[in-house]
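First up is the structure itself, then whatever we jot down about it.
The values are calculated or read from the model by the stated rules, or taken from the named source; none is laboratory data. Just so it is clear, the structure is predicted and the values come from calculations on it, not from any experiment. Using ideal geometry, Cβ is built from the backbone for each residue, glycine included, and neighbour counts are taken over all protein chains shown. Accessible surface areas use protein heavy atoms only, side chains included; no ligands, DNA or RNA. Shrake-Rupley method; radii C 1.70, N 1.55, O 1.52, S 1.80 Å.
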Amino acid sequence: MASEQPSETRLKTYRGSCHCGAYIFDAKMPEASSLNASECNCSICSRMGSVWKFPVRSADIAFVKGDPATLTGYAFGNKAFTYKFCPKCGVSLMTIGYSQPPKEGEEREPEIALSLRAIQKGQGLDIWKMDLAPMDGASFAPVYEPPAYTGPEPKAEVEGGKLYTGSCHCGAVRVAVKTKPLDKTYEGPIYDCNCSICGRHGPLWIYPNKEQVEIQGEENLGKYTFLTPGWAKTFCKTCGVLVYNQTQALTDEQLSKFSEDVRNFIVGAAHMKPINIRILNGINTKELNVSRIDGYSRPPAFAEPQP
Ligand SMILES: [Zn+2]
Ligand SMILES: [Zn+2]
Ligand SMILES: [Zn+2]
């Protein structure tokens, strides 16, 4: 009889990274088909669209670039777990902590949930093709109270419109959006994009005009720009939650560097303030008509960061 292989050898090594490439790691995990990833509905995971592999042993994660101690950490509630993200591009890499705190004098490895969104493409792991196990983190105490938006209403008039408010997780950034009701009847595009940056951050985008959106705490946003000058993915510097996509009109010279379809998109979106609706209160994202967009396949090709 063939002897059972030790489970160690059945693990595959995946390369992962944030978007800007400041942090690159190798993680040993099972093949995608038996990975048992989960999707959690708690206050922070639902804002981040997190897809976790839990647990991963710390011995199975090796950073090949960047010191994980310099990742920004965010903890809340009973502070059992700390959410770690890149301070430059805001991409979440992992959560580390203890479901049960160690007793005094007890030596125990912390538990790690690894963000599968940070795993680089081309390694046979596609979260759109995985069966994600639901995890009911929202039911764990303490109950999360969403921070209240207290700023002005957006100026735009929207026929049949509704005012939504929301925030990052820590409340440093709060938003108000006036839009057609975000329910089954919503006809504007709602995009779940797998491009190099959206795939890592996990937002669901809608595309309101700038006058439909108000932001409180703009100064608390980190802004990450690549490819398109003046455009930035904005995320809370404290908790890492992605908020909106900053756009601006480009000069003809700047536009000339892009292909025609990208140029058209940039020109068309310059007056918009695309917002991540995962941060809005009172929305059931499961009932919305979300379109998956294969942004990753659109040129220019993204060079996955290597050390
Ligand atoms: Zn980064
Ligand atoms: Zn969660
Ligand atoms: Zn925050």
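Potential lengthening of the chain between R298 and K257 amounts to 13.2 nm, from the contour at 0.36 nm per residue minus the alpha-carbon distance. To the nearest 20 debye, what charge dipole does segment 162-297 have about its Cα centre, counting +1 at the Cβ of each Lys and Arg and -1 at the Cβ of each Asp and Glu? Roughly 380 debye for segment 162-297. Full extension of the chain segment joining V64 with Q248 gains 62.7 nm, where the gain is 0.36 nm per residue of separation less the Cα-Cα distance.
The phi-based Karplus calculation (6.51 cos²θ - 1.76 cosθ + 1.60; θ = phi - 60°) puts the 3J(HN,Hα) values of segment 101-116 at x, x, 6, 4, x, 7, 9, 8, 4, x, 8, 10, 9, 9, 6, 6 Hz, whole numbers, x for Gly and Pro. Ellipsoid fit via the Cα gyration tensor, segment 231-294: semi-axes of 27, 16, 9 Å, each the root of five times an eigenvalue, largest first.
Mean residue ellipticity at 222 nm, helices only, the chain: -2000 deg cm²/dmol; runs of at least 4 DSSP H residues each add -39,500 (n - 2.57), and the sum is divided by the number of residues. Probing with 1.4 Å while keeping every protein chain in the model, the per residue accessible area of segment 162-297 equals 43 Å². Binning all Cα-Cα separations of segment 162-297 at 5 Å, short to long from zero, yields these whole-percent fractions: 2, 10, 19, 23, 21, 15, 7, 2, 0.
Here the 3J(HN,Hα) profile of segment 200-205, calculated from phi with Karplus coefficients 6.51, -1.76 and 1.60 at θ = phi - 60°, is 7, 8, x, x, 10, 9 Hz, Gly and Pro shown as x. Among 112-122, 183-193, 234-244, sorting by the average number of other beta carbon atoms lying within 10 angstrom of each residue, highest first, gives 234-244, 112-122, 183-193. What a 1.4 Å probe finds exposed on the chain is 51% carbon and sulfur by accessible area, rounded to a whole percent. Ordering of 58-69, 215-226 by packing is 215-226, 58-69, highest average first (other Cβ atoms within 10 Å, averaged per residue). For P101, the shell of other residues with beta-carbons less than 14 Å away shows a net charge of -2, using +1 for Lys and Arg and -1 for Asp and Glu. Remark: segment 227-244, residue by residue, has Karplus-estimated 3J(HN,Hα) of 6, 9, x, x, 8, 8, 7, 9, 9, 5, 5, 8, 10, x, 5, 6, 10, 9 Hz, where x stands for each Gly or Pro and the curve is 6.51 cos²θ - 1.76 cosθ + 1.60 at θ = phi - 60°. Using only the C-alpha atoms, the convex hull of the chain corresponds to 162 Å³ per residue.
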